Amino acid sequence: MEIVEAYLYVGTNRRADVSVIEKLLEFSEEELSHSWEQIQERLSSTLDGLHISLCDEDWLSIRAHVGDLRTQICEAYISIALCLQSSAGHRVQFRRLILPSDPLQGRCVFEYEEREVGEQAGELAQAIIASALSADRAPDIDTETPDPLNLKTKEFIRSAEQKVLPLDTEAIILAAGEADIPWCKLDRYPFERKPGDFRIRPNSPLRLGHGCYQHIIDGTFCVDRSWKFLHLLEDREKIMSLLSSCGVKTPARDSVSTNLNTVSRLRRSAAKIGFPVTVKPAKKTKGRAITCAVKNEKDLSPALDQVRNFTSRAWVEQHIEGKTYRLLVANNKFLGILAESNQNICSDVNNDIVHPSVIEQAIAVYRMIDVGMMVATCVTEDISKPLEVVGGAFVDLDVAPELDAFPGLDPELLHVAAGEFVEWVFPAGVDSRIPLIAVTGTNGKTTTSRIIQGILCSAGYSPGLACSDGIYIKDQQMLEAGDLSGINGHLHLLGHREIDCAVLETARGGVAKWGFGFDHCDIGVCLNVVEDHLMDSGIDTLEQMATLKRSIMERATTEIVLNADDEMSRQMPPFNQGQRISMTSTELSHDELKSSYPDCNCFAVLEEQDDRSYAVIYDQYIRIPVIAIDDIPAAYAGRARYNVSN
């Protein structure tokens, strides 16, 4: 079994709306001469030794293709590649099998979330399938001598577990999608985290929105909007000072002695407060090393030793008796209690029992800080009564809560919280998208894209351009050189805050091998489809090439511009999304176009006017002379017909 072709699609692509890997597998006739029963027995033995289990549904799906060994092996390959990722905690499920005309080949498509994890899962799946196709039975995995496949699988799981997308982040992505807000993952290809880069939560950074409208999210924290409150992520002194300034009930503390790095200093502060006290790290460590109810001086020394495992300074405050409640607030709304803990045992809480005054205090804190989501922690004997009555207090604040760290988190609460967070980032009526114009075609893409960018500049916009020459912003200022007419260039361009619209040269190769750099655009332009670049990326015919370029046009939401002088372009309609279709021609008249395309109501043609040739637009019944052809420098008085067409 060999991999003949391999593609790694990022985001929306021609195969799926999720990131997928595509592998074209090719088998020998000998490999396809085995019985499925033999292969399954070997596969089961190998997978059992690797502690990888395909679900019954996978096996049933494979067995359904009785008599078609090629399909069964390909389906097994896809199942194993997905199962390996799932075993490491990656939530992937999309699968697709495309059977070429060659009976020895199968085009396997499976979802991935992180690039290296997906690629390694595919390589391991290939090795597992290859061992099952071997004439000799695969060796016993559980021998005393470590098996290379076993070692590779263990290393894969260990590494992949470090790259799992947080559930919080996944929920924010889903909420953004529901609100039609564009997003991209900043810890995933083509954006790579560099050593030393600051992260609130690894694997979580997102960009929501395009260009001048974008916001950067790290975990559940909006970095560009809430940066003034970054100190609240770990500085306990500033957290407690904020809580006090909001007028909420907090534990008594020694406000004079803050540098508690010795037992003597800790003893003096505890004496001022009065025992029992709670000793915590002065720098937050997500709840670790918290020592509750230090009742006397002799217990202060071991408490400080425990704190020193994480930070040099301690924090001491009055010990509050009771249970711990964590109040979730997002977008100025109390959403619920995340968990109730008593001796680290968590259980569900009825939100209706929370006393209104407790909720009011949590909301008061939220209104003092510009964050999208927070968790305020209070300790009380009875959450149904005012804290002042039962001696409760707010003891902590998390402005970037990891919601999926709470046991038994209600998925619906996570969904609601993510939705409120996204609405806080982009309130109703606030733009998240800049206008996008995607230009494709075999010839003329770069020239046409540059012309469009120039027109937008002249109209007062600040456009960005990604093309085969590089990335440009505003008035032809180059940011990066090279062929950036694919997803890499598109995503990087859309991350520049200086632009309020973008022109995206959209090359065949980029779409065929990597995917789209956008979920949808406003305007799609197809210049032509000719017999260049065939027999590549699984595109062998002119019709297949036209289908690929039509897929770009299908992503336009407002208007599609087609070249009526090109056979494949003019055959692309109809489209099903209600887009306006405009046809251009340097050869046909307006009447001829109108007769041929009665469903179109916008045309661009050449017409004689005052003894000069003009580019003329017919927008429904309005005739608009745009410019004389000999006034266009690139047209060379009309002699450069290809630029007239562009």
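Each row is one residue, and each column tells you yes or no for (1) over 17 Å from the mean Cα position of the chain (by Cα); (2) among the hydroxyl-bearing types (Ser, Thr, Tyr); (3) open to solvent by less than 70 Å² (accessible area, probe 1.4 Å).
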| position | (1), (2), (3) |
| --- | --- |
| Thr153 | yes, yes, yes |
| Lys163 | no, no, yes |
| Pro166 | no, no, yes |
| Thr169 | no, yes, yes |
| Leu174 | no, no, no |
| Pro195 | yes, no, no |
| Ile200 | no, no, yes |
| Gly209 | no, no, yes |
Scanning the range 176-193 for residues that are aliphatic (A, V, I, L, M) and in a loop (DSSP other than H, G, I, E, B), the one surrounded by the fewest Cβ atoms within 10 Å (Cβ to Cβ) turns out to be Ala179
Going through the range 605-624 one residue at a time, which ones are among the hydroxyl-bearing types (Ser, Thr, Tyr), without any contact (Cβ under 8 Å) to a residue 24 or more places away in the chain and either open to solvent by less than 50 Å² (accessible area, probe 1.4 Å) or closer than 18 Å to Asn563 by Cβ (or both)? Tyr614
Pick from the range 284-297 the residues that are surrounded by fewer than 18 Cβ atoms within 10 Å (Cβ to Cβ) and at pLDDT 90 or above: which of them is farthest from Val358 (Cα to Cα)? Glu297
Check the range 222-233 and report whether any residue there is in a loop (DSSP other than H, G, I, E, B), out of contact with any Ser or Thr (no Cβ under 9 Å at 6 or more places or on another chain), closer than 22 Å to His492 by Cβ and open to solvent by less than 40 Å² (accessible area, probe 1.4 Å). no
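One line per residue, one yes/no per condition, for (1) charged (D, E, K, R); (2) within 24 Å of Asn601 (Cα to Cα); (3) at pLDDT below 95:
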| site | (1), (2), (3) |
| --- | --- |
| Met535 | no, no, yes |
| Gln544 | no, no, yes |
| Ile560 | no, yes, no |
| Asp565 | yes, yes, no |
Might you check whether a residue that is in a helix (DSSP H, G or I), of a type in the set (A, V, I, L, M, F, W, C) and surrounded by 20 or more Cβ atoms within 10 Å (Cβ to Cβ) occurs anywhere in the range 108-120? yes
Has the range 560-569 got any residue that is touching a Phe, Trp or Tyr at 6+ places or on another chain (Cβ under 9 Å), in a loop (DSSP other than H, G, I, E, B) and aliphatic (A, V, I, L, M)? yes
Mind listing just one residue for me: the one in the range 501-521 that is more than 21 Å from the chain's Cα centre (by Cα) and not in a loop (DSSP other than H, G, I, E, B) and, of those, farthest from Ser458 (Cα to Cα)? Gly509
Testing Ser582 on (1) free of Cβ contacts under 8 Å to residues at least 24 places away in the same chain; (2) surrounded by 13 or more Cβ atoms within 10 Å (Cβ to Cβ); (3) over 38 Å from the mean Cα position of the chain (by Cα), one condition comes back false. Which one is that? (3)
Can you tell me which residue in the range 5-57 is most open to solvent (accessible area, probe 1.4 Å), limited to those that are of a type in the set (A, V, I, L, M) and either part of a helix (DSSP H, G or I) or modelled with pLDDT under 95 (or both)? Leu32
Counting only residues that are part of a loop (DSSP other than H, G, I, E, B) and under 25 Å from the mean Cα position of the chain (by Cα), which one in the range 458-488 is nearest to Asn13 (Cα to Cα)? Gly486
Since Glu381 meets every condition but one in (1) out of contact with any Gly (no Cβ under 7 Å at 6 or more places or on another chain); (2) at pLDDT 90 or above; (3) of a type outside the set (A, V, I, L, M), which condition does it not meet? (1)
Residues to consider are Leu387, Leu465, Leu414; find the one that is open to solvent by less than 50 Å² (accessible area, probe 1.4 Å), at pLDDT 95 or above and within 30 Å of Ala507 (Cα to Cα). Leu465
Are any of the residues in the range 428-436 surrounded by fewer than 20 Cβ atoms within 10 Å (Cβ to Cβ), in a helix (DSSP H, G or I) and out of contact with any Asp or Glu (no Cβ under 6 Å at 6 or more places or on another chain)? no
Could you list, in sequence order, all residues of the range 402-412 that are in contact with a helix residue (DSSP H, G or I) (Cβ under 8 Å, 6 or more places away or on another chain) and within 21 Å of Val354 (Cα to Cα)? Leu403, Leu409
State whether one or more residues within the range 616-634 are among the aliphatic types (A, V, I, L, M), part of a loop (DSSP other than H, G, I, E, B) and modelled with pLDDT under 90. yes
Being hydroxyl-bearing (Ser, Thr, Tyr) and more than 36 Å from the chain's Cα centre (by Cα) is the filter; apply it to the range 346-384 and report the residue that is most open to solvent (accessible area, probe 1.4 Å). Ser384
Is it true that Arg201 is part of a loop (DSSP other than H, G, I, E, B) and either farther than 19 Å from Val20 by Cα or among the charged types (D, E, K, R) (or both)? yes
Please verify whether the range 298-317 includes one or more residues that are in contact with an Asp or Glu (Cβ under 7 Å, 6 or more places away or on another chain) and open to solvent by 50 Å² or more (accessible area, probe 1.4 Å). no
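The values are calculated or read from the model by the stated rules, or taken from the named source; none is laboratory data. Everything quoted here is computed from the prediction, not taken from an experiment. Glycine also receives a Cβ, built like all others from the backbone with ideal geometry; neighbour counts cover every protein chain displayed. With ligands, DNA and RNA removed, areas are computed over all heavy atoms of the protein, side chains included. Shrake-Rupley method; radii C 1.70, N 1.55, O 1.52, S 1.80 Å.
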